[in-house]
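**Student:** Okay, handing you the structure first.
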Amino acid sequence: MKRITVFCGSSFGTEKEYEQQAYLLGKTLAERSIGVVYGGANVGLMGAIANGAIENNGAVIGVLPHFLQNKEIAHEGLTELILVETMHERKTKMNDLTDGVITLPGGFGTLEEFFEMLTWAQLGLHKKPIGILNINGFYDELLALVETMVRKGFLKDVNQNMLLTSNEIEDLLNKMESYEAPAVSKWISKEEV
Ligand code: AMP
């Protein structure tokens, strides 16, 4: 993997480990010579991941829509800041630039970006690994819901397995490095339920 996109909150959240791990992820990616692609802002965990990479000589590309430039103040130390028109363009651009995705704790925006990449993978539009860094169990309930989706016949095991999870950065990166996308169709017929 040459570049990884990180989706994470534009806030810091309540636990100090969120910021610490975001910074450490940026640092670890820099040390592995993996470039960071992210939303381009200098707020919340987004700023922490960028700082972790930049302060350790990593390459960081931010992708920010014009209209968010004031709300999500653009980070000034980036290797490159790409300004786009729309949120859709932002996600498309991030996908074009990256070889994989890591999701950290966040809110609606983080989950929206994460699920879009996951559904694109499920439809076979890309074959990139998608990981969750489950810091302090932040995503436990989401992962339980994913289990329910499988149990209730809305999601195949094989698609569930597309989602790589770990509470440890190196372990997650290793899983992503060795990931191979399955070749299956998404839909579940009545006979399979
Ligand atoms: P949040 O997790 O809500 O703090 O948001 C994290 C990032 O997701 C921020 O950069 C938001 O601008 C971004 N975001 C929010 N909604 C969307 C969307 N619909 N498409 C793409 N990015 C979004």
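The values are calculated or read from the model by the stated rules, or taken from the named source; none is laboratory data. None of the values given here were measured: they were computed from a predicted structure. When we count neighbours, we look across all protein chains shown, and the Cβ atoms used for this are built from the backbone with ideal geometry, even at glycine. Surface areas here come from the heavy atoms of the whole protein model, side chains and all, with no ligands, DNA or RNA. Shrake-Rupley method; radii C 1.70, N 1.55, O 1.52, S 1.80 Å.
**Student:** Which one is farthest from A30 (Cα to Cα) among residues in region 63-76 that are in contact with a Gly (Cβ under 8 Å, 6 or more places away or on another chain) and more than 10 Å from the ligand (Cβ to nearest atom)?
**Tutor:** Restricting to residues being in contact with a Gly (Cβ under 8 Å, 6 or more places away or on another chain) and more than 10 Å from the ligand (Cβ to nearest atom), the top hit is A74.
**Student:** Starting from region 101-122, take each residue that is within 16 Å of A22 (Cβ to Cβ) and list its partners that are near the ligand (Cβ under 6 Å from one of its atoms), counting only C-beta distances under 7 angstrom and pairs at least six apart or across chains.
**Tutor:** Filtered contacts from region 101-122: T103/T110; P105/G9; G106/G9; G107/G9; G107/S11; G109/S10; T110/G9; E113/K91.
**Student:** Here is a follow-up. Enumerate the pairs (first residue in region 158-175 and among the small types (G, A, S); second residue anywhere and surrounded by fewer than 18 Cβ atoms within 10 Å (Cβ to Cβ)) with beta-carbon separation below 7 Å, excluding pairs fewer than 6 apart on the same chain, so at least 6 apart or on different chains.
**Tutor:** So the pair list comes out as S166/K175.
**Student:** G47 versus (1) open to solvent by 10 Å² or more (accessible area, probe 1.4 Å); (2) more than 22 Å from P129 (Cβ to Cβ): which is the lone unmet condition?
**Tutor:** (1)
**Student:** Here is a follow-up. Give me the pairs: first residue in region 76-93 and among the hydrophobic types (A, V, I, L, M, F, W, C), second residue open to solvent by 60 Å² or more (accessible area, probe 1.4 Å), beta-carbon distance under 8 Å, and six or more apart or on different chains, which are they?
**Tutor:** Hits for this filter: I82/K93; L83/H66; L83/Q69; V84/H66; V84/K93.
**Student:** Working carefully through the options A50, A30, A22, find the one that is of a type outside the set (S, T, N, Q), in a helix (DSSP H, G or I), within 11 Å of L104 (Cα to Cα) and away from the ligand (no atom under 11 Å from the Cβ). Full working, then the answer.
**Tutor:** Numbers: A50 fails: within 11 Å of L104 (Cα to Cα); A30 fails: within 11 Å of L104 (Cα to Cα).
Result of the check over A50, A30, A22: A22.
**Student:** Out of curiosity, is M87 surrounded by fewer than 17 Cβ atoms within 10 Å (Cβ to Cβ) and of a type in the set (A, V, I, L, M)?
**Tutor:** yes
**Student:** Look at region 7-38 and say how many of its residues are within 12 Å of A50 (Cα to Cα), among the small types (G, A, S) and free of Cβ contacts under 8 Å to residues at least 60 places away in the same chain.
**Tutor:** So the answer is 3.
**Student:** Inspect region 159-166 for any residue being in a helix (DSSP H, G or I) and surrounded by fewer than 16 Cβ atoms within 10 Å (Cβ to Cβ) and give the result as yes or no.
**Tutor:** yes
**Student:** Can you give me the number of residues within region 77-128 that are small (G, A, S), closer than 17 Å to G9 by Cβ and either away from the ligand (no atom under 14 Å from the Cβ) or modelled with pLDDT under 95 (or both)? Quick ask: steps written out before the conclusion?
**Tutor:** Of all residues in region 77-128, those small (G, A, S) come to 77, 100, 106-107, 109, 121, 124.
Cutting the leftovers down to closer than 17 Å to G9 by Cβ gives us 106-107, 109.
When the remaining residues are screened for being either away from the ligand (no atom under 14 Å from the Cβ) or modelled with pLDDT under 95 (or both), the result is none.
Counting residues in region 77-128 that are small (G, A, S), closer than 17 Å to G9 by Cβ and either away from the ligand (no atom under 14 Å from the Cβ) or modelled with pLDDT under 95 (or both) gives 0.
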